[in-house]
Amino acid sequence: MRPDPAGMARAVRDFLTAAGLDLQDVNLLDTPTRVADVWANGFLDGYGRTPEEALGKTYPAPADSSGELVVVTDLRFHSMCPHHLLPFTGRAHVAYVPGSRVVGFGRIGALVDLFAHRLILQEDLARQVARSLARVLDSPATACILEAEQACLRLRADHQRDAVTHAEAYEGRLRRDGPLRRELWARLGARTGAGR
């Protein structure tokens, strides 16, 4: 799927007209084109690519890395909620135990962005990242934990302006509440101050 910026600009123009706005206003003259561009290249550019492409080159896992957690925290992301087409932004914390393959740390952020740059719920974003890491890297244990500020919650309800939403997804051994999961949360807690 590839976005159609010209069609999107027409739709934005129609939307603004239906809203009763004057498209000859100097501030709105180029708005349809600008909106189409930011959506096509910043909010919907995750479509048409695969997790394998986002992760890029993978490497054989070192023989002595079995059972060890690889954790990358505070990966900033932005996405769009499919219900109201409003943004949510936040931080992703991603972990995996190497299976047969490993990947560079920066590529994990690229995987988060791949799915975040689609119309997606926060819960589904976490699941897609965890599942893709498990599949592509043949990992026996993966996790994706997201903390976000949802505009659809914060802007539409006065009393929820400070709300932060959390979504967690686990695959493999991390699905069970065992020592490995406790180790992951100990690392995240030490970093975030959770549980203090």
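Each value in this text was obtained by applying a stated rule to the coordinates, not by laboratory testing. All values derive from a computational prediction rather than experimental measurement. With ideal geometry, Cβ positions are generated from the backbone for all residues, glycine too; neighbour counts draw on all protein chains shown.
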Inset, instruction - Apply the Kirkwood formula to the chain: the hydrodynamic radius equals the inverse of the mean of 1/r over all pairs of different alpha-carbon atoms; give it in Å with one decimal. - result: 18.4
Inset, instruction - Post the alpha-carbon centroid distance, region 138-190 to region 13-67, in whole angstrom. - result: 24
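What does the charge count around Y170 come to, taking other residues whose C-beta lies under 9 Å from its C-beta (Lys +1, Arg +1, Asp -1, Glu -1)?
+2
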Legend entry - Convex hull volume of region 2-59 per residue (C-alpha atoms, cubic angstrom): 80
Inset, instruction - Provide Rg over Rh for region 123-167; use the alpha carbon set for both Rg and the Kirkwood Rh (inverse mean inverse pair distance). - result: 1.20
Inset, instruction - Report the local net charge at P5: Lys and Arg +1, Asp and Glu -1, summed over other residues whose C-beta lies under 11 Å from its C-beta. - result: +1
Inset, instruction - List every residue whose amide H lies under 5 Å from the amide H of L86, counting only residues 5 or more places away in sequence or on a different chain, with H placed 1.01 Å from N in the peptide plane. - result: C81
Legend entry - Phi to ³J(HN,Hα) by Karplus 6.51 cos²θ - 1.76 cosθ + 1.60 over region 138-144, Hz, x for Gly, Pro: 6, 7, x, 7, 9, 8, 9
Inset, instruction - For the chain, with a Gaussian network of springs between Cα atoms less than 10 Å apart, report the residue from F15, F77, F43 with the top mean-square fluctuation. - result: F15
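Show that you can apply the helix-only estimate: for the chain, add -39,500 (n - 2.57) for every DSSP H stretch of four or more residues, divide by all residues, and state [θ] at 222 nm to the nearest 500.
The helix-only estimate for the chain comes to -11000 deg cm²/dmol at 222 nm.
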Inset, instruction - Return the single residue from G20, G106, G172 with maximal mean-square fluctuation; model: Gaussian network over the chain, springs between Cα atoms under 10 Å. - result: G20
